[in-house]
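The values are calculated or read from the model by the stated rules, or taken from the named source; none is laboratory data. In this text, all values refer to a predicted model and were calculated from it rather than measured experimentally. Virtual Cβ from ideal backbone geometry, glycine too; neighbours counted across all protein chains shown.
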C-alpha cells in the first residue's frame, strides 16, 4: 500500500514539473517581432553609412520607413525614381546579399545627380546587390515581369505628375514587374485633402486620394497604410521641396500607401 502511495506521489510530481516547464516557452513567442525591430534600427545605425546620408536621417526616419515596408532578406526590390540613392542603399542593406535592388532613374535625374555620384554609390561594397536601371518612368524594370516582391517610390510620385509622365503606363509597368501578392509602396508629401494634383509643382505635395485613384486604376488594391512619417502639425501650405523647405525640411507630413497586386 505504501509503495502505491509513493508511486502516485511521484507521478503527480512529474506532471507538476512538466506543467511548470511548459509555461516559459509559451511566454517567449513575441521575441520574433523584437528581433525585427532591432534589425531595422541596426541598418539605419550602421557606422559605414556615408555622412551625407546620415545627415538626412532625422527627417527621413529610415528605420521607421523600412519597418513600414516590411523589407526582408532575400527580397527582389525595385525602386522607382531612385534619385541619389539614399533609399537604394537602405534597401540594399535590408534585402542582404541574397536579395537584389533595381534602382530606376530617368535621364533627367541622372543628369541632375551625375554619373560619378552613382558610380561612387555603386562602388561601395554594401551596394554589390544593386543594379542601376537607366529607364524612363513610364517603362521601368524591363525584363523583370513577375519577378519583384516589392516596388517603392519615396517622395517622388508628385514629380512624375509635373514632369508629365504617363503615370497610367508607369503604374501598369510596376504591376507587371511584381509577383502576384507583391507590394507597391508609395510615400510622398501630403497636400491638403481635396486639392488633387494642384500642388505638385508649387508645393511639391500631392493629395493621397489622387495617388490611390491612379494606382488602383492599374489593377492594384489598397492593402494598407502606415503613419510612420506622419506629422499632424504640418499645415501643408508650404513647399516640401528640400531646396525650398529650409529649416522645416523633414517636418512635412508624409503618407505611406501600401498597394498589393492580387
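Name the residues in region 181-200 that are without any contact (Cβ under 8 Å) to a residue 60 or more places away in the chain and closer than 17 Å to residue 153 by Cβ, would you? Within region 181-200, 191, 197, 200 meet the criteria. So for region 196-208 (the condition being assigned to a strand (DSSP E or B), surrounded by 23 or more Cβ atoms within 10 Å (Cβ to Cβ) and at pLDDT 95 or above), does at least one residue qualify? Checking region 196-208: at least one residue is assigned to a strand (DSSP E or B), surrounded by 23 or more Cβ atoms within 10 Å (Cβ to Cβ) and at pLDDT 95 or above.
Over 18 Å from residue 161 (Cα atoms), part of a helix (DSSP H, G or I) and touching a residue at least 24 places away in the same chain (Cβ under 8 Å) - does that describe any residue in region 242-253? Within region 242-253 (the criterion being over 18 Å from residue 161 (Cα atoms), part of a helix (DSSP H, G or I) and touching a residue at least 24 places away in the same chain (Cβ under 8 Å)), the answer is yes, since at least one residue qualifies.
Residues that are modelled with pLDDT under 95 and touching a helix residue (DSSP H, G or I) at 6+ places or on another chain (Cβ under 8 Å): does region 110-118 have at least one?
yes
Specify the residue that is farthest from residue 184 (Cα to Cα); the eligible residues are those in region 211-239 that are touching a helix residue (DSSP H, G or I) at 6+ places or on another chain (Cβ under 6 Å) and in contact (Cβ under 8 Å) with a residue 60 or more places away in the chain. Filtering region 211-239 for residues that are touching a helix residue (DSSP H, G or I) at 6+ places or on another chain (Cβ under 6 Å) and in contact (Cβ under 8 Å) with a residue 60 or more places away in the chain, the one farthest from residue 184 (Cα to Cα) comes out as 228.
One residue stands out among those in region 125-153 that are within 21 Å of the chain's Cα centre (by Cα) and more than 29 Å from residue 168 (Cα to Cα): the one that is surrounded by the fewest Cβ atoms within 10 Å (Cβ to Cβ), which is 128. Is it the case that residue 161 is surrounded by 15 or more Cβ atoms within 10 Å (Cβ to Cβ), in a strand (DSSP E or B) and touching a helix residue (DSSP H, G or I) at 6+ places or on another chain (Cβ under 9 Å)? In short, no.
Taking the condition buried (at least 19 other Cβ atoms within 10 Å of the Cβ), at pLDDT 95 or above and in a helix (DSSP H, G or I), does residue 53 pass?
On the way: buried (at least 19 other Cβ atoms within 10 Å of the Cβ): yes; at pLDDT 95 or above: yes; in a helix (DSSP H, G or I): yes.
Yes, satisfied.
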